[in-house]
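Structure, as structure tokens:
Just so it is clear, none of the values below were taken in a lab; they were calculated from the coordinates. These numbers were taken from a predicted model, which means no experiment stands behind them. Note that each Cβ is placed from the backbone with ideal geometry, even for glycine, and that neighbours are counted across all protein chains shown.
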Amino acid sequence: MSNLIDKFVHATNPLHARPPRACGGLTLIKVLSRYGIERSIHDVWPHISRPGLRGQRCARSFLIGKYAADSGLSAAVIQCHRATAWAGLMTCASNGLQVIINHRATNDGTSDAVREGHFTVLNAISHDSIELDDPTVGKIRRLSRQSFMDLWQPNYETAGFVFIAMSAEARVDGSQNIASCPRCGSEIRFQPRVLFDPLHWHPGGCFKRFFCLGCDAAFC
Ligand SMILES: [Zn+2]
């Protein structure tokens, strides 16, 4: 893997001033591999990235979800309510879903990455702490609930409290489980099913909006 990443850095960033914004791709291939779907960063990157800050391409959450869905998984991109966001992640973990979280890269005001977003994989979560797999730096990060919630706030690149959840559950057809996006016409599947239980979608529930995987339109 490190050799692949080295090649990718060289190919996309000849000046080596900073590593490329590959976190979305690296988290995606890590989660896909947990389902036995082996992809390289070169496979996924053209499909999930768009130009971002400083002109570098970076991944978009809805495109990560679309790639996972096109790979045969059930995938949803969801924004939580601020007050119940932690419970939203715990719901995902307790139901065995794989989750990529989009959060601030840093809160360090002296870093020029302070306006950027970052993707990590949820490894584990308890009432008061969280463990994130950060394949961009090859590390597991353990954070207190407060430290993580401080990172999971909006900034220039991130909407805040957004995650991509995936599962290998079979697709369920029927008009109650599928809709058509009014903006782009893409099929919207209300899966993973546990996340679209109506109990999560009221003002006191965990979830605020979900996003079309075809065009990033938001629905609630
Ligand atoms: Zn759409």
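Calculated from DSSP H runs of 4 or more alone, at -39500 (n - 2.57) each and per residue, what is the 222 nm mean residue ellipticity of the chain, nearest 500?
Calculated at 222 nm, the ellipticity per residue is -7500 deg cm²/dmol.
Cβ crowding within 10 Å, taken as a proxy for footprinting-reagent exposure, orders HIS42, HIS103 from fewest neighbours to most as HIS42, HIS103. At a Cα cut-off below 15 Å, give the aspartates and glutamates reachable from LYS208, other chains included and same-chain residues fewer than 8 away excluded. The reachable aspartates and glutamates, counting only those whose Cα sits under 15 Å from LYS208, are ASP197, ASP216.
Taking LYS30 as the anchor, which aspartates and glutamates have their alpha carbon closer than 18 Å to its alpha carbon, excluding any fewer than eight residues away along the same chain? Leaving aside aspartates and glutamates fewer than 8 places away in the same chain, those within reach of LYS30 are ASP6, GLU38, ASP43, ASP70, GLU131, ASP133, ASP134. Measuring nothing but alpha carbons in the chain and taking Rh as the Kirkwood radius, the Rg to Rh ratio lands at 0.95. Remark on GLU169: its backbone amide H falls under 5 Å from those of SER74, a criterion applied only to residues 5 or more positions apart or on other chains, H modelled at 1.01 Å from N. Across the range 103-118, rounded Karplus estimates of 3J(HN,Hα) from the backbone phi angles (6.51 cos²θ - 1.76 cosθ + 1.60, θ = phi - 60°) give 9, 4, 5, 6, 10, 6, x, 8, 9, 6, 8, 5, 8, 8, x, 8 Hz, Gly and Pro being marked x. Judged by a Cβ-Cβ distance under 4.7 Å, the unpaired cysteines of the chain are CYS23, CYS58, CYS80, CYS92, CYS206, CYS220. Charging the Cβ of each Asp and Glu at -1 and of each Lys and Arg at +1, and nothing else, the dipole of the chain about its Cα centre rounds to 300 debye.
Residues PHE211, PHE119, PHE219, PHE196, ranked from the fewest to the most other C-beta atoms within 10 Å, line up as PHE219, PHE196, PHE211, PHE119. Across the range 158-174, coupling constants 3J(HN,Hα) worked out from phi with the 6.51/-1.76/1.60 Karplus curve, θ = phi - 60°, read 10, 7, x, 6, 10, 9, 10, 10, 9, 8, 9, 4, 5, 6, 10, 8, x Hz, and Gly and Pro carry x. Between the listed residues VAL121, PRO198, ASN155, the Cα displaced farthest toward the positive end of the dipole of the range 105-219, a dipole computed from Cβ unit charges relative to the Cα centre, is found at PRO198.
Beta-bridge orientation, the chain: approximately 95 percent antiparallel, per DSSP, counting only bridges with both partners inside.
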